[in-house]
Amino acid sequence: MKKNQQNLLPVGFYDLLFDEAEENHKKINLAIDYFLNCNYRLIKTPLVEFADNFQDTNYFLLSDVISGKNMALRNDITLQISRLLNSRLRNEELPLRLCYVGDVLLTKSNELYADRQSTQLGIEIIGCDKDQSNLEIIYIILQILPQILPKELLIEISLPNFLEILCQDLNIALSDDFIDAVRQKNISTLQKLSGKNGGLLSEIVLQNNNLEELSQKILSQSNSPKIVQILQRALEVNDLVGEKFPNIKICFDLFGDNFNNSYHKDIAFDVFCKNFPYPIARGGRYKINNIDAVGATIYMNYLRKL
């Protein structure tokens, strides 16, 4: 092998040196110290787990010479928390507030930067069944992000399953053509397939900056308790951001999280930085081992690019 080839790294992997490494270290420590001050407990999980603990296949596979089993280099830390809840954390009193930081590795990345090595920095509340937990997670993430990234931020709120729930209430068939029209924001096809509700569905797809007005229009045609509850949850987030974070913009893509294969339920959010295409943080509610949970992850590799 030629000497210069020996010095190369695989695509998507990187070194951090000097100022860049030190700045990354300072930001991580600042965030972890803040999480700890908010009564979140730090956990550190191993880089390698048995492959049975992971659900998808986008991970590097190894063979354990001791057990003979397949092992995976972790591609997500939340899945490791699931294992902990079945083992060392099973007797802990809920709700359980956790924070973590660590590298994850992917076999492939379809994003512009093709990073296959990234650092996840996050918080989780396990065993929460109140909407107050949603607000707590969003508040903490929006408090720390401007401290480690002093740039213009925007938070986008989406409501997983809202499309399905609303269409069921309005007696609209969720055909493949209909779902494609919503995903592509094809208003003419959407109105054709929605009949008398086409106007409302079109406004939900296109309107993203005035949730109060949009909610009133939705409730004028559907006032089922479930719809009311979902919209109230989003309005509470809207009020929180407007009151506590006036310098952070907020928008809503109520159907958005229905199409990205997210495991989030009820509510999800992405935080963006101006002129950067990928979310620098993402979070929402989900189920873990049949327990209600809510959490958020900051993607440190994106912060470095900014």
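Structure notes:
- When Ser224, Ser63 are arranged by Cβ crowding within 10 Å, least crowded first, meaning fewest neighbours, the order is Ser63, Ser224.
- Leading residue at positive end of dipole, region 2-153 (Cβ point charges), from Ile125, Gly68, Leu89: Gly68
- Only Cα sites of region 152-306 enter the Debye sum here, all with the same form factor; the resulting log10 I(q)/I(0) across q = 0.13 1/Å is -0.63, listed in q order.
- Between Ser118 and Val104, the built amide H atoms are under 5 Å apart, and every one of these is 5 or more places off in sequence or on another chain.
- Computed on the Cα trace of region 60-196, the radius of gyration divided by the Kirkwood hydrodynamic radius gives Rg/Rh = 1.06.
- Stokes-Einstein translational diffusion, region 221-306 - Kirkwood Rh over all Cα pairs, 1.002 mPa s, 20 °C, in µm²/s: 146
- Hits among lysines - C-alpha to C-alpha of Lys130 under 29 Å, sequence gap 8 or more where chains match: Lys44, Lys217, Lys226, Lys244, Lys249, Lys265, Lys287
- Label of the coordinate-derived value, P(r) over Cα pairs in 20 Å bins from 0, in percent, listed as [x] 31, 58, 10, 0; [y] 29, 55, 15, 1; [z] 37, 60, 2: [y]
- From phi via Karplus (6.51, -1.76, 1.60), per-residue ³J(HN,Hα) for region 204-217 in Hz, x at Gly/Pro: 5, 5, 8, 7, 9, 10, 9, 5, 4, 5, 5, 4, 4, 5
- By the Cα gyration tensor, region 141-207 has an equivalent ellipsoid whose semi-axes, rounded to whole angstrom, run 33, 13, 10 from largest to smallest.
- Distant-in-sequence amide contacts of Ile288, defined by a placed amide H-H separation under 5 Å and a gap of 5 or more residues or a different chain, comprise Ala293.
- Convex hull volume of the Cα atoms of region 1-124, normalised per residue: 157 Å³.
- The value obtained for region 182-233, namely the Cα convex hull volume divided by the number of residues, is 85 Å³ per residue.
- By the helix-only formula, in which each DSSP H run with n ≥ 4 contributes -39500 (n - 2.57) and the sum is divided by residues, the chain has a 222 nm mean residue ellipticity of -11500 deg cm²/dmol.
Every read-out reported here was derived from the displayed coordinates using simple, explicitly stated rules and does not represent laboratory data. Note that the structure is a prediction, hence the values are computed from the model and not measured. As a convention, Cβ positions derive from the backbone with ideal geometry for all residues, glycine included, and neighbour counts pool all protein chains shown.
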